[in-house]
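Data first, discussion second: the structure below is written as structure tokens.
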Amino acid sequence: MKHGLLRNPWNLLWLVLAALYFLVPLYGTAEFSLETTPGHHGFDAYQAVLGQSQFWSTFSLSLEIAGCTVVISLLLMLPTVFWVHLKLPRLRPVLDVIAVLPFVVPPVTLAVGILRLFEAGGAQTSGIGNVFIGQPSNWLLSGSIFNLPPGIQLLALAYVILALPFTYRALDAGMRAIDLRTLSEAAQSLGSGWLKVLLWIILPNLRSAMLSAAFLTLTLVMGEYTMASLMLLNTFPIYMFQIGNEQAYQAAALAVISLLLTWIALLGVLVLGRTTNDREVRIGGAH
Amino acid sequence: MAQAVSQESPTAVARPLHPRAKGLARWHSVADWLPVVPFFLFFSVFLLLPTVWLVIGAFQTDSGSFTTSNVRGLFDSDILDAYKTSLEISLASALTGGIFGFFVAYAMIRGNPPRWIRPVLSTFAGVAANFAGIPLAFAFAATLGTTGVLTVFLKSHGIDLYQSGFTLYSFTGLVVVYTYFQMPLMLLIISPSIDGLRREWSEAATNLGASTSQYWRWVGLPVLWPSILGAMVLLFGSAFAAYATAYALVGSEFNLVPLLIGRNVESDFIGNPQQANALAFGMIVIIGVVMLIYTVLQRRSSRWAR
């Protein structure tokens with residue numbers, strides 16, 4: 001049994017191929033990012049990248065967007081998932097389907113749709129749009145709620161949709177793992193209302209589910225290029241693309257930095273997942 | 001109110017209700033729905049409505065009157081060509097990523113590798129499936145680009161990739177790059193189904209005198225194929241929607257549908273928003289068909305689930 005792999009060389013071959021496919025590009029990128037001129041090594045590319053003020057300004061902007069997205073997602077999804085688990089189990093299949101939709105609707109088309117819908121006084125003056133959405137759209141574009149640059153607020157709200165599959169799956173798995181009904185009935189029989197139950201009983205039990213949702217949302221926002229570029233907003237991935245297009249070594253350095261971020265965030269999820277016994281398969285990303 | 005709601009047990013509902021209690025119960029069932037209203041509102045405004053808007057826009061002229069010319073425009077040879085290339089790339093990368101990912105998953109689960117392999121490989125797959133877009137394109141440019149590390153290494157060992165016709169900035173290149181997230185995606189999606197393939201079945205088949213290929217022909221594949229195809233359908237969808245990776249690698253001039261949409265939205269001068277609507281509408285129709293196939297296959301594969 002110990003040398004099971006040797007019994008069937010095909011299995012060994014596939015595993016070796018997979019390892020090579022995973023690792024060679026990573027090695028290649030790291031190696032390339034450390035090259036200063038062909039044959040010489042150094043941290044020049046990293047120094048150049050980290051020395052740019054635009055790196056830090058776009059980085060912190062994207063972090064801010066990620067923060068807003070996480071907060072709105074949780075505010076929106078926590079009560080919903082909680083309530084559906086407890087009171088409206090009929091709705092669960094519906095939510096399951098809705099939570100897959102953002103994977104299904106390509107981000108390009110979602111961006112086009114959102115632009116059409118919220119375009120403030122653009123060429124598209126097709127009647128109903130401005131009557132219905134005209135006022136709120138100015139308000140959404142202005143970024144007045146979170147004190148963000150114009151348009152960014154709309155992007156953060158759109159990211160809530162893109163993050164929906166992660167948030168929903170994490171919270172759903174988290175709530176399934178605890179005995180929601182017993183906990184809330186116990187709390188109620190001791191006289192607490194729904195809000196108290198949610199805040200003092202459910203939330204502490206969902207800490208790791210919420211954190212893993214937050215980490216996944218963070219990786220999503222820090223890497224999302226499509227919607228930001230179509231909405232003409234200068235986030236971190238946009239900056240990454242602009243620099244990388246001109247400077248090959250810096251592009252590799254940025255790829256390494258971004259990969260490290262992904263690793264840290266996903267390892268965080270993994271460590272948290274081990275404590276909650278949550279074996280969800282996570283798929284998707286900003287392709 | 002809280003206590004009243006929690007008293008709605010099934011037996012209470014089954015009993016015939018006093019007229020006034022009936023009204024109260026109806027109010028409670030309305031109140032039951034209130035907490036989920038914000039979510040459905042948000043979902044409608046930011047996902048449903050934009051999609052509906054886009055579909056309406058696909059049938060409108062600049063000034064807002066009805067037309068089918070945008071959608072008919074999809075059948076121009078240039079645009080048909082973009083759809084064809086998009087579909088081909090998605091199909092090719094779903095097949096390579098799907099087959100590769102399946103064999104790796106099978107070797108990982110049923111090949112009796114050392115214990116540490118599975119968690120390590122699954123973690124790697126989780127990261128790689130999320131590693132996409134701009135940084136992925138950069139990583140491959142650094143590895144397999146004209147001066148990439150692997151290209152240079154192979155060249156010094158007598159294999160000149162770019163002399164022999166390969167280039168990263170092409171159809172083949174895109175398939176190679178997409179496979180980097182498709183293969184791990186397949187690994188993650190298909191693993192539960194391979195776990196569900198019971199050892200007893202293969203033991204029973206062996207005891208009855210079946211060869212390995214007979215086992216696969218009559219037992220293994222008939223059980224697994226809906227899951228395999230279903231997973232590949234998802235891979236197809238993810239490649240079809242991919243924008244950033246392609247944009248960073250081959251540039252916006254490459255004839256793919258998402259890039260074509262981007263070109264029409266981003267530039268104010270050569271852009272044509274009506275055409276972007278129609279193009280996006282076409283993508284939604286194709287993805288809709290893909291999801292329909294996926295649902296049917298899911299239903300078939302769940303027959304064998306425990």
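Derivation of every value follows stated rules applied to the coordinates shown; laboratory data play no part. Bear in mind the structure is a predicted one, so any value in this text is a computation, not a measurement. Glycine also receives a Cβ, built like all others from the backbone with ideal geometry; neighbour counts cover every protein chain displayed.
Data for the structure
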{"item": "Spatially proximal aspartates and glutamates relative to B:Lys84 (Cα-Cα < 14 Å; intrachain offsets below 8 disregarded)", "result": "B:Asp76"}
{"item": "Gaussian network model of chain B, Cα within-10 Å springs - most flexible of B:Ser122, B:Ser213, B:Ser29", "result": "B:Ser29"}
{"item": "Positive-end residue of B:Thr146, B:Ile134, B:Trp201, charge dipole of chain B with Cβ unit charges", "result": "B:Trp201"}
{"item": "All Cα pairs of segment B:165-243, percent lying beyond 14 Å", "result": "69 percent"}
{"item": "B:Ser170 paired with A:Leu270, simple spin-label distance in nm, labels 7 Å along Cα-to-beta-carbon", "result": "3.6 nm"}
{"item": "Range of Cα positions in segment B:72-304 per principal axis (Å), largest first", "result": "70, 50, 29"}
{"item": "Alpha-carbon centroids, segment B:92-171 and segment B:182-257: separation in whole Å", "result": "17 Å"}
{"item": "For B:Gln60, residues with placed amide H under 5 Å, excluding near neighbours", "result": "B:Thr67"}
{"item": "Of the trypsin sites (Lys or Arg not before Pro) in segment A:1-106, those whose Cβ has at most 13 other Cβ within 10 Å and which sit in DSSP loop", "result": "A:Lys2"}
{"item": "Rounded D (µm²/s) - segment A:148-219, Kirkwood Rh over Cα pairs, Stokes-Einstein at 37 °C, 0.692 mPa s", "result": "238 µm²/s"}
{"item": "Whole-Hz couplings from phi, Karplus 6.51/-1.76/1.60, listed for segment B:292-298; x for Gly and Pro", "result": "4, 4, 4, 4, 4, 5, 4"}
{"item": "Reach of B:Lys155 by Cα under 17 Å, taken over aspartates and glutamates that are not fewer than 8 positions away in the same chain", "result": "A:Glu31"}
{"item": "Label-point separation in nm, B:Phe40 to B:Val296, each point 7 Å along Cα→Cβ", "result": "3.1 nm"}
{"item": "Stretchable slack from B:His157 to B:Ser63, in nm (0.36 nm times residue separation minus alpha-carbon distance)", "result": "27.6 nm"}
{"item": "Prolate/oblate/rounded call for segment B:77-144, Cα gyration tensor, a/c under 1.5 rounded", "result": "oblate"}
{"item": "In segment B:112-162, the chymotrypsin sites (Phe, Trp or Tyr not before Pro) that fall in loop regions by DSSP, at most 11 other Cβ within 10 Å", "result": "B:Trp116"}
{"item": "Euclidean distance between Cα centres, segment A:155-198 to segment A:94-116, Å", "result": "23 Å"}
{"item": "Karplus (6.51, -1.76, 1.60) ³J(HN,Hα), θ = phi - 60°, over segment B:132-148, in Hz, Gly and Pro reported as x", "result": "8, x, 4, x, 5, 4, 5, 4, 6, 4, 5, 9, 10, x, 4, 10, x"}
